[in-house]
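For reference, the structure is listed below as structure tokens.
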Amino acid sequence: MSPFTPVVFYRDPLAALKWLEDAFGFETSMLVTDESGAVGHAEMSFAGGRIGIGGEFTSPALLGPAAMKSPASTGGTSTQFIRVALDEGIDEHCERARAAGAQITQSPSNQFYGARVYRALDPEGHVWCFDQPIDEVSVADMEKASGLTIRTSL
């Protein structure tokens, strides 16, 4: 299990769970609700990883002045994207997401670092980046192809 579990916040977390199942093939593995049926916390699993899904909230006691908001509540502003590794089938995965209503912002394309990548926005504006390894590329070849300096093992 990874030591990191990102949590993504939605205006409508129940709708998000359903959409993420349909679009990306994630599976709901935990759902915590209160007496009114509102989501307190949820987790989804995919390919051995997990992600938390929650509703928007503010809590000065827990967050100080911060608030957990969906990009739909911030004019589309997001501070991260979620990167998901696929072993195979990235083009088919992209078509599944598109059929479920994802806005594909980058169609599957091969990258200089040896991965095939696509990016999608979910209905509330979270950015999802899916990648699939397609080739092993040396650091020297990545630098040559990109013009960047790449340092590893810092």
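The values are calculated or read from the model by the stated rules, or taken from the named source; none is laboratory data. Being a predicted model, the structure only gives us computed values, none of them experimental. FYI the Cβ positions are ideal-geometry reconstructions off the backbone, even for glycines, and counts take in every protein chain you see. Areas reflect the complete protein model, heavy atoms only, side chains present, ligands, DNA and RNA absent. Shrake-Rupley method; radii C 1.70, N 1.55, O 1.52, S 1.80 Å.
Here are the numbers for the structure shown:
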{"read-out": "Extreme residue, most open to solvent (accessible area, probe 1.4 Å), among residues of the stretch 78-96 that are in contact with an Asp or Glu (Cβ under 9 Å, 6 or more places away or on another chain) and under 26 Å from M68 (Cα atoms)", "value": "R83"}
{"read-out": "Selection status of S78, under 13 Å from the mean Cα position of the chain (by Cα) and small (G, A, S)", "value": "yes"}
{"read-out": "Some residue of the stretch 62-84 being aliphatic (A, V, I, L, M) and within 14 Å of F24 (Cα to Cα)", "value": "yes"}
{"read-out": "Selection count, the stretch 135-154, where residues are surrounded by 15 or more Cβ atoms within 10 Å (Cβ to Cβ) and of a type in the set (V, I, T)", "value": "1"}
{"read-out": "Residue within the stretch 23-37 that is closer than 17 Å to H126 by Cα, modelled with pLDDT of 90 or more and in contact with an Asp or Glu (Cβ under 8 Å, 6 or more places away or on another chain) present", "value": "yes"}
{"read-out": "Counted residues, the stretch 5-44 - those being open to solvent by 50 Å² or more (accessible area, probe 1.4 Å), under 20 Å from D87 (Cα atoms) and not in a helix (DSSP H, G or I)", "value": "1"}
{"read-out": "Pick from the stretch 45-62, criterion part of a strand (DSSP E or B) and over 17 Å from the mean Cα position of the chain (by Cα), ranking: farthest from D131 (Cα to Cα)", "value": "T58"}
{"read-out": "Residue in the stretch 71-92 that is free of Cβ contacts under 8 Å to residues at least 40 places away in the same chain, within 24 Å of R116 (Cα to Cα) and charged (D, E, K, R) present", "value": "yes"}
{"read-out": "Residue among A47, A66 that alone is surrounded by fewer than 13 Cβ atoms within 10 Å (Cβ to Cβ) and closer than 15 Å to L20 by Cα", "value": "A47"}
{"read-out": "Residue within the stretch 52-61 that is closer than 23 Å to F26 by Cβ, modelled with pLDDT of 95 or more and surrounded by fewer than 17 Cβ atoms within 10 Å (Cβ to Cβ) present", "value": "yes"}
{"read-out": "Conditions (1) surrounded by 15 or more Cβ atoms within 10 Å (Cβ to Cβ); (2) under 18 Å from A16 (Cβ atoms): number failed by P108", "value": "(2)"}
{"read-out": "Any hit, the stretch 69-90, residues being in contact with a Lys or Arg (Cβ under 8 Å, 6 or more places away or on another chain) and at pLDDT 95 or above", "value": "yes"}
